[in-house]
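Down below is the structure, laid out as structure tokens.
The values are calculated or read from the model by the stated rules, or taken from the named source; none is laboratory data. This is a predicted model, so every value here is computed, not measured. As a convention, Cβ positions derive from the backbone with ideal geometry for all residues, glycine included, and neighbour counts pool all protein chains shown. Heads up: the accessible areas ignore ligands, DNA and RNA and are worked out on the full protein's heavy atoms, side chains in. Shrake-Rupley method; radii C 1.70, N 1.55, O 1.52, S 1.80 Å.
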Amino acid sequence: MAVEEGTTTVEGTVEDTAEGTAVGTLAAEESAEATAVRYPVAPGVRLKVRSGPGTQYQLVKVLPLGARVPINCQKPGEWVTGTYGTTNVWDNIANGQYVSDAYVKTGSDGYVAPRCA
């Protein structure tokens, strides 16, 4: 954008507009994530995050004690027994990141989010 004293001249291209839209979309996604419901991980548990819904999937990271996680979607997978019972429900907490719902306090024994596609 070119600016002259006392006047404003706008110069841009379709690419500039598309880039602005992409930035705006990213900001909206980050805002939605910031306001998403976050569920507490069981006390005293450093929960392992996997790349898929089972312990055979690659370890992505380990959450710190006292972590709270968003649940974007859920899908069935390996059965796990944890602090909150035995379940085959796995919670998607980010792109390519899953945790067993057996360690997440959702207040329900079933699904609390849509099924992952």
request  = Search the range 73-117 for residues being under 15 Å from Leu47 (Cα atoms) and of a type in the set (Phe, Trp, Tyr), and hand back the single one that is least open to solvent (accessible area, probe 1.4 Å).
outcome  = Trp90
In the range 83-110, the residues that are in contact (Cβ under 8 Å) with a residue 12 or more places away in the chain, small (Gly, Ala, Ser) and touching a strand residue (DSSP E or B) at 6+ places or on another chain (Cβ under 9 Å) = Ala94, Gly96, Ser100, Ala102, Gly110
key: Those residues of the range 22-70 which are at pLDDT 95 or above and among the β-branched types (Val, Ile, Thr), in sequence order   = Val41, Val45, Val49, Thr55, Val60, Val62, Val69
ask   = Looking at the range 34-58, which of the residues that are among the hydrophobic types (A, V, I, L, M, F, W, C) and closer than 17 Å to Val89 by Cβ is most open to solvent (accessible area, probe 1.4 Å)?
value = Val37
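Results for (1) closer than 16 Å to Gly52 by Cα; (2) modelled with pLDDT under 95, shown as yes or no for each residue.
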| residue | (1), (2) |
| --- | --- |
| Asn72 | yes, no |
| Gly85 | no, no |
| Ala94 | yes, no |
| Gln97 | yes, no |
| Thr106 | no, no |
| Gly110 | no, yes |
Any chance Thr17 is out of contact with any His (no Cβ under 7 Å at 6 or more places or on another chain), at pLDDT below 95 and assigned to a strand (DSSP E or B) = no
